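S.K.: Quick one: this structure, given as structure tokens, is what I'll be asking you about.
The values are calculated or read from the model by the stated rules, or taken from the named source; none is laboratory data. Bear in mind that the values here come from a model prediction, so they are computed numbers and not experimental data. Glycine gets a Cβ as well: all are built from the backbone with ideal geometry, and neighbour counts include every protein chain shown. Heads up: the accessible areas ignore ligands, DNA and RNA and are worked out on the full protein's heavy atoms, side chains in. Shrake-Rupley method; radii C 1.70, N 1.55, O 1.52, S 1.80 Å.
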Amino acid sequence: MLLHHYRFQPDESLFDVAAFRAELARERQPIPAFKQALATLHERLDARFRQGSDIRDLVHGRAWCLDRLLEVAWERFDWHDDGIALLAVGGYGRGELHPYSDIDLLLLLEHDDDTPYREALTGFITFLWDIGLEIGQSVRSLNDCEREARADITVITNLLETRTLAGPERLRGAMRERLSARHMWSSAAFFEGKWQEQITRHYKHNNSEYHLEPNIKSAPGGLRDIQMIGWVAKRHFGPLRYEDVVAQGFMNDAELRILSQGQAFLWQVRYALHMLTGRAEDRLLFDHQRALAALFGYVDTRERLAVEQFMKAYYRHVTALAGLNDMLLQHFDEVILRAGEALEVKPINPRFETKGGYIQLRHPNVFVRRPGALLELFLVMAQHPEIEGVRADTIRQIRDHRHLIDDAFRQDLRHQSLFMELLRSGGDVPTQLTRMNRYGVLGKYLPEFGEAVGLMQHDLFHIYTVDAHTLRLLSFLQRFREARDSDEYSVAIEVIQKLPKLELLWIAGLYHDIGKGRGGDHSQLGAVDAADFATRHDLSPWDTRLVAWLVEHHLLMSKTAQKRDISDPDVIHAFARTVRDEVHLDYLYVLTVADISATNPSLWNGWRASLMRQLYTETRRVLRRGLDNTIDRQDWVSETREEALGLLRAIGADSERVEALWQTFGEDYFLQYTASEIAWQTQGILAHQTPLPLVLVSAPSADMTEGGTKIFIHTRSVDDLFAATAAAMEQLGLSIHDARIATSSDDWTLNTFILLDDDGDAIRDPARLEEVRRYLVEELDDPDDYPQIVSRHTPRQLKHFKVPIEVIIEQDPANERTSLELIAPDRPGLLARVGRIFMEQNIALSAAKIATLGERVEDVFFITDKQGRPLTDPDAQRRLRERLCEALDV
């Protein structure tokens with residue numbers, strides 16, 4: 001690319017064109033010779049790559065060798081006259097070729113009539129395909145090029161970068177003159193067109209460099225962003241040498257170094273991708289990531305996998321390139337294209353002013369004289385929400401002076417006060433922290449945060465790097481403050497307004513995952529860092545303890561809601577004892593909701609919202625009543641029975657029939673369900689008159705955003721029922737998120753399931769609900785069919801991830817049962833398989849909490865033996881654990 005200080009030196013040892021011509025003179029058939037020459041070139045370049053040769057020599061060297069081969073091929077045809085030329089265009093026009101890059105050629109005609117060249121053109125193109133070249137060719141006259149370039153910015157872009165391979169150079173010169181900015185696509189028009197093109201491209205990649213499987217060419221910070229800088233510079237300045245680009249003020253030496261190093265890294269990755277896959281592959285898929293990490297010499301450590309180390313290097317490069325792309329293009333727009341525009345200048349203080357709505361330095365040496373201005377700038381922006389952004393020259397000044405943020409800077413009370421003032425400003429703090437991260441300031445001021453930049457966990461659950469996830473979490477907190485998405489986050493919006501000190505929430509959010517990648521418990525490591533930050537910034541002891549507690553326990557609420565039986569009063573009371581008071585509960589609830597939402601877009605759904613609301617509400621009730629005033633279980637049962645009976649009497653139910661039915665249910669049933677759920681199920685059972693299974697379906701109303709679709713199944717209790725039910729639901733494309741399994745004293749099931757569709761939403765459509773109900777009745781009406789239903793699903797293997805199977809068995813003495821936590825790869829039919837194993841091992845299931853986290857599941861089952869006793873026998877536990885691992889590790 002024209003912006004490099006590097007100069008390619010042709011290497012005859014790669015391809016000896018004289019020897020090749022001599023060989024062709026001896027051969028009667030040229031095609032085998034050309035094929036062999038290409039194969040040999042491929043092998044030599046790959047060998048040099050593995051030996052660590054300069055990637056630039058390989059990329060440019062391949063293009064140089066192809067130039068020579070195409071020259072020889074061109075000479076084999078009669079071109080009639082000098083009215084045609086062969087040009088390399090696009091990436092090949094820049095002299096860049098990876099192993100399977102497109103070889104884009106333009107056969108340029110001086111005149112519109114191609115009749116004299118048709119036979120030679122057909123033969124030449126066919127010959128190139130016959131020798132194994134994957135070419136992209138176009139045949140255009142000068143008039144064609146002018147017309148099509150004027151109409152399409154992609155054409156003019158492609159024709160900006162050309163080289164004459166064969167034929168007269170004057171044709172390329174004539175084309176360049178016709179396509180110059182004097183005649184079409186002025187610098188401003190070209191810039192605007194390419195800028196909009198980049199916006200569209202980035203939008204397709206969610207405007208983020210942090211994709212789990214990024215496209216190294218098209219994603220933000222990828223090769224296309226580097227090329228974008230070159231195209232804009234070429235269109236405005238023309239062909240330039242390195243010295244000219246810097247002299248024109250478009251970039252400086254440090255920026256060129258970032259650009260060159262980033263491109264070299266991405267070229268290495270792209271070359272390796274092509275080499276490993278044997279095709280033009282630009283997607284950094286999971287299996288490729290592991291292979292590349294090994295190829296580049298990364299090894300697993302106790303703290304991090306090799307692939308995570310490799311991806312951290314990738315994300316750091318593309319983040320730097322994306323930021324550089326933003327700054328340089330903004331600089332080009334402000335200083336070069338709009339240099340003559342009169343923009344209003346408004347002073348803010350002695351150090352800053354706005355120009356055209358963007359903040360800039362009032363003097364170029366502000367940061368040298370007052371390094372604290374590196375933090376003050378973001379405080380000013382938080383205090384003045386009307387400021388749209390930072391001027392490009394000031395961004396460059398920030399980058400050039402961020403080295404001033406050292407230990408002495410961080411220990412300076414003035415700077416600590418500025419940072420805390422930002423957190424307490426009441427403005428859009430997350431946006432400013434995101435800008436600080438973008439410009440490399442946040443990681444300098446908080447080195448522990450800097451260590452987390454670009455840190456990716458190699459799984460499908462965490463789809464963002466630690467820094468990107470953290471900043472997303474903070475942005476969700478800001479959304480709660482602004483009452484956006486009021487239906488989806490109604491409780492969080494209400495609670496965050498009550499928090500006395502928002503800065504404690506920002507700090508807890510910043511530090512909640514900061515301990516990752518170091519080995520050990522990241523929550524505890526982060527709590528230590530958070531406490532150090534709080535002490536360093538002179539927070540009160542109470543505030544310090546609260547922030548550290550939030551970081552240490554930031555996973556507690558989500559784990560309790562998703563893995564514990566929160567209908568159990570003892571679970572609520574134990575959680576409340578850890579939380580201690582409503583202030584801790586409020587902070588923890590808001591932080592947890594933001595954390596779930598920022599981890600993965602698919603995680604926060606109506607069902608998780610209802611679980612979190614229930615846990616928050618029940619815990620608040622316990623805290624208000626007092627931790628020492630525990631509710632009596634018998635009182636809870638009596639109150640629920642009375643309320644449910646009242647509801648049933650109101651609709652005309654026979655009290656005697658109701659009481660007779662309830663005598664078979666047992667006390668735990670009335671602890672697990674609300675009065676309205678009990679009334680709904682009881683009414684359905686009493687009204688059911690057929691021998692077929694009773695299947696009741698209930699969905700949240702259209703105005704309810706929380707909850708899932710409830711399925712209640714009442715039928716004879718037989719082996720394999722749970723496994724068959726799980727398999728049938730999966731066949732419908734539904735996922736089970738909660739299950740309560742109970743059996744009456746006369747052996748009838750009282751099974752309830754919470755279901756969501758593939759998008760994580762409750763099923764609300766009446767026709768779909770009836771379809772589900774009918775299907776389940778048909779599938780479950782004959783127990784003899786259950787083994788067939790269960791075995792119908794063949795699990796697939798998630799080949800990119802190896803999730804070790806864990807089976808954790810613990811006792812739950814308060815409820816006289818055993819809890820079994822299963823961590824395993826997600827796959828179709830998993831619940832059905834687990835159900836079959838429970839049946840084989842004579843295990844009874846009383847409840848289940850189902851959580852799918854990316855490529856793995858973390859399910860909790862509450863089990864007993866067939867006599868309703870906890871599973872305490874060590875041999876039985878061992879057999880169950882071994883059987884689960886054996887059946888699921890396939």
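S.K.: When ranked by the protection proxy of mean other Cβ atoms within 10 Å per residue, highest first, what sequence do the peptides 393-404, 543-554 form?
M.R.: Most protected by this proxy first, the peptides run 543-554, 393-404.
S.K.: Just how far, in whole angstrom, is segment 493-554 from segment 621-647 if you go by their alpha carbon centroids?
M.R.: Taking the Cα centre of each part, segment 621-647 and segment 493-554 sit 35 Å apart.
S.K.: Can you give the accessible area per residue of segment 385-469, in Å², using a 1.4 Å probe?
M.R.: It amounts to 37 Å² per residue over segment 385-469.
S.K.: Viscosity 1.567 mPa s, temperature 4 °C: give me the Stokes-Einstein translational D for segment 831-890 in µm²/s, with Rh taken as the Kirkwood radius over C-alpha pairs.
M.R.: Here the translational diffusion coefficient equals 106 µm²/s.
S.K.: Each residue of segment 542-550 in turn: what ³J(HN,Hα) in whole Hz from Karplus with 6.51, -1.76, 1.60 and θ = phi - 60°, glycine and Pro shown as x?
M.R.: After applying 6.51 cos²θ - 1.76 cosθ + 1.60, I find 5, 5, 4, 5, 5, 4, 5, 4, 4 Hz.
S.K.: Quick one: pull the percent of accessible area on the chain belonging to carbon and sulfur, 1.4 Å probe, ligands and nucleic acids left out.
M.R.: 47 percent
S.K.: Putting +1 on Lys and Arg Cβ atoms and -1 on Asp and Glu Cβ atoms, find which of ALA47, LEU108, VAL72 reaches farthest to the positive end of the dipole of segment 43-161.
M.R.: Going by the Cα projections, it comes out as ALA47.
S.K.: What translational diffusion coefficient, in µm²/s and rounded to a whole number, does the Stokes-Einstein relation yield for segment 255-413 at 4 °C and a viscosity of 1.567 mPa s, taking the hydrodynamic radius as the Kirkwood radius over Cα pairs?
M.R.: 69 µm²/s
S.K.: Taking the mean number of other Cβ atoms within 10 Å as a proxy for protection, how do you rank 18-29, 598-609 from highest to lowest?
M.R.: In descending order of packing, they fall as 598-609, 18-29.
S.K.: Any idea what % of Cα-Cα pairs in the chain are farther than 41 Å?
M.R.: For the chain, the share of Cα pairs beyond 41 Å comes to 51 percent.
S.K.: Between SER180 and THR578, what FRET efficiency follows from the Cβ-Cβ distance if R0 is 60 Å, with the result rounded to 0.05?
M.R.: Result of the calculation: an efficiency of 0.25.
S.K.: Please compute the alpha carbon radius of gyration of segment 166-230, then divide it by the globular-protein estimate 2.2 N^0.38 Å. Two decimals is fine.
M.R.: For segment 166-230, the normalised Cα radius of gyration comes out at 1.51.
S.K.: Moving on. Just from the alpha-carbon atoms, what are the Rg and Dmax of segment 653-789 in angstroms?
M.R.: Every Cα atom of segment 653-789 included, Rg and Dmax give 14.8, 44 Å.
S.K.: Sort the following peptides by mean Cβ neighbour count (other Cβ atoms within 10 Å, averaged over residues), highest first: 93-103, 76-86.
M.R.: 93-103, 76-86
S.K.: From the gyration tensor of the Cα coordinates in segment 408-491, what semi-axes in whole Å does the equivalent ellipsoid have, largest first, with each one equal to sqrt(5λ)?
M.R.: Equivalent ellipsoid of segment 408-491: 25, 21, 8 Å, largest first.
S.K.: What residue among GLN289, ALA679, PHE480 has its Cα farthest toward the positive end of the dipole of the chain, where the charges are +1 on Lys, Arg and -1 on Asp, Glu, each on the Cβ?
M.R.: Positive-most Cα among the choices belongs to GLN289.
S.K.: Considering only DSSP beta bridges whose two residues both sit in the chain, what percent are antiparallel, to the nearest 5?
M.R.: 85 percent
S.K.: Given the C-alpha centroids of segment 287-362 and segment 7-74, what is the distance between them in whole angstrom?
M.R.: Cα centroid to Cα centroid, the span is 38 Å.
S.K.: Using modelled backbone amide H atoms (1.01 Å from N, in-plane), which distant-in-sequence or interchain residues come within less than 5 Å of ASP738's amide H?
M.R.: Answer set, sorted by chain and number: ILE754, ILE850.
S.K.: Report the calculated FRET efficiency for GLU656 and ALA687 (r = Cβ-Cβ distance, R0 = 22 Å), to the nearest 0.05.
M.R.: Computed FRET efficiency for GLU656 and ALA687: 0.90.
S.K.: Next question. Add -39500 (n - 2.57) for each DSSP H run of 4 or more in the chain, then divide by its residues: what number comes out at 222 nm, to the nearest 500 deg cm²/dmol?
M.R.: It lands at -16500 deg cm²/dmol.
S.K.: For segment 473-598, what does the accessible surface come to per residue with a 1.4 Å probe? Please give it in Å².
M.R.: 35 Å²
S.K.: Residue by residue through segment 139-153, what is 3J(HN,Hα) from phi via Karplus (6.51 cos²θ - 1.76 cosθ + 1.60, θ = phi - 60°)? Round to whole Hz and write x for glycine and proline.
M.R.: 10, 9, 8, 4, 5, 4, 4, 5, 5, 6, 5, 5, 8, 9, 5
S.K.: How would TRP231, TRP636 rank on accessible area, largest to smallest, probe 1.4 Å?
M.R.: TRP636, TRP231
S.K.: Related question: Going toward the positive end of the dipole of the chain, with +1 on Lys and Arg Cβ and -1 on Asp and Glu Cβ, which of PRO500, LEU539, PRO569 do you reach last?
M.R.: The one lying farthest along the dipole's positive direction is LEU539.
S.K.: A further question on this structure: Under the 0.36 nm per residue contour assumption, what length would be gained going from the current alpha-carbon distance of ARG764 and LEU647 to full extension?
M.R.: The span from ARG764 to LEU647 would gain 39.7 nm if fully extended.
S.K.: Anything over 24 Å Cα to Cα? Flag those among LYS204/LYS312; LYS355/LYS444; LYS444/LYS516, in the order listed.
M.R.: LYS355/LYS444
S.K.: For segment 686-750, what is the accessible area per residue in Å² when the probe is 1.4 Å?
M.R.: Using a 1.4 Å probe on heavy atoms only, each residue of segment 686-750 averages 39 Å².
S.K.: Can you work out ³J(HN,Hα) from phi for every residue in segment 805-815, in order, using Karplus 6.51 cos²θ - 1.76 cosθ + 1.60 and θ = phi - 60°, giving whole Hz and x for Gly and Pro?
M.R.: Going residue by residue, I get 7, 10, 10, 10, 10, 9, 9, 10, x, 4, 10 Hz, with x marking Gly and Pro.
S.K.: Tell me the Kirkwood hydrodynamic radius of segment 81-215 in angstroms, computed as one over the mean inverse distance between distinct C-alpha pairs.
M.R.: For segment 81-215, inverting the mean 1/r across all distinct Cα pairs yields 16.5 Å.
S.K.: Please compute the modelled spin-label separation between ASP747 and GLN524, points set 7 Å along Cα→Cβ, answer in nm with one decimal.
M.R.: 5.0 nm
S.K.: Let me ask you something else. Hey, with R₀ at 45 Å, roughly what FRET efficiency would GLN788 and GLN634 work out to, going by the Cβ-Cβ distance, to 0.05?
M.R.: 0.50
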